[in-house]
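See below for the structure under consideration.
The values are calculated or read from the model by the stated rules, or taken from the named source; none is laboratory data. Just so it is clear, the model here is predicted, and its values are computed rather than measured. Note: ideal-geometry Cβ built from the backbone for every residue, glycine included; neighbour counts use all protein chains shown.
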Amino acid sequence: MTGTGGAGLSVDVRVLVLSGSARTGSLNTQLARLAAEVMVDLGATTEVLTISEFETPGYSQDVEDSTGFPPGAQRFKEALLAVDAFLLVSPEYNFSMPGVVKNIIDWVSRFRPQPFQQKHALLMSASGSMAGGNRGLWALRIPLEHLGVRVFPDMFSLAQAHRAFSENGELIDDQLENLLRSTVAGFLDLVEASKHYPCLKRDWVEYLGEPFDDRSGAVNRVDAASVGTGVKRVMSSPGSGR
């Protein structure tokens, strides 16, 4: 499902909206579609997809070496390269992310150039529990931030999601609706600003404590063991040594 926004943003902002659930009738997919509608209303262009559209075998370097990248990984890489940012709405499995979500991250991290680098991301979750799947989002931040994704500080987790939606797919609680809208608006403002003011790219990574390479426009990740030794050692590329 693709949506094109109207007035609201000064520059075109393209967002991939991905549900990390492959289940029919998923609450996370329902939240993803609602968040995409909010983004379109605020002026962004969106495409809503589910993780099942990027089905891949479990990552294996033997498979990569012998047959290359599977079609699902290729499609996800292309989807990332076509947008400025992505929204990932993911279920929580055992205080973490679903295996299918981690698997596609692992596969796509192997491409060079690495397509996650410097993409903006907003994380959301929906669950019937009181925590709303929030604990899984904290686990999800780790591989994404390692890969250079600018994960938005605020996350939206919808608790007791099986009771949260009206028949037309909107949130019943007005306060939750306002929180969703304000979270999405803040995220789009940041993505818009980073496109309009490229200097924010440098400010963002320096705020996170990562050295910025002016020549390549990329982040050099420094081995923590070298901090304070006077020796700068750039860490190995993401996904190496699998």
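Here's the yes/no breakdown for (1) modelled with pLDDT under 95; (2) within 25 Å of residue 74 (Cβ to Cβ); (3) out of contact with any strand residue (DSSP E or B) (no Cβ under 9 Å at 6 or more places or on another chain):
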site: 109; (1), (2), (3): no, yes, yes
site: 115; (1), (2), (3): no, yes, yes
site: 123; (1), (2), (3): no, yes, no
site: 144; (1), (2), (3): no, yes, no
site: 149; (1), (2), (3): no, yes, no
site: 152; (1), (2), (3): no, no, no
site: 158; (1), (2), (3): no, no, no
site: 167; (1), (2), (3): yes, no, yes
site: 181; (1), (2), (3): no, no, yes
* Tally, over the stretch 82-103, of residues that are of a type in the set (Val, Ile, Thr) and more than 12 Å from the chain's Cα centre (by Cα) -> 1
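Table: residues versus (1) more than 26 Å from residue 68 (Cα to Cα); (2) not basic (Lys, Arg).
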site	(1), (2)
14	yes, no
18	no, yes
24	yes, yes
48	yes, yes
53	no, yes
56	no, yes
* To do: Could you please tell me which pairs satisfy a Cβ distance under 8 Å, a separation of 6+ or placement on different chains, a first residue in the stretch 102-124 that is surrounded by fewer than 22 Cβ atoms within 10 Å (Cβ to Cβ), and a second residue that is of a type in the set (D, E, K, R) and assigned to a loop (DSSP other than H, G, I, E, B)?
  => 106/242; 110/242; 119/84
* Taking residue 66, is it surrounded by fewer than 21 Cβ atoms within 10 Å (Cβ to Cβ), more than 20 Å from residue 98 (Cβ to Cβ) and at pLDDT 95 or above? -> yes
* Asked: Do we have any residue at all in the stretch 89-102 that's out of contact with any strand residue (DSSP E or B) (no Cβ under 7 Å at 6 or more places or on another chain), in a loop (DSSP other than H, G, I, E, B) and closer than 25 Å to residue 69 by Cα?
  -> yes
* Structure fact -> Counted residues in the stretch 15-44 being in contact with a Leu (Cβ under 8 Å, 6 or more places away or on another chain) and either modelled with pLDDT under 95 or part of a helix (DSSP H, G or I) (or both) come to 8
* Could you list all residues from the stretch 45-88 that are part of a helix (DSSP H, G or I), within 21 Å of residue 137 (Cα to Cα) and touching a residue at least 60 places away in the same chain (Cβ under 8 Å)? => 80
* Can you confirm whether the stretch 131-153 contains a residue that is among the aliphatic types (A, V, I, L, M), part of a loop (DSSP other than H, G, I, E, B) and in contact (Cβ under 8 Å) with a residue 60 or more places away in the chain? => yes
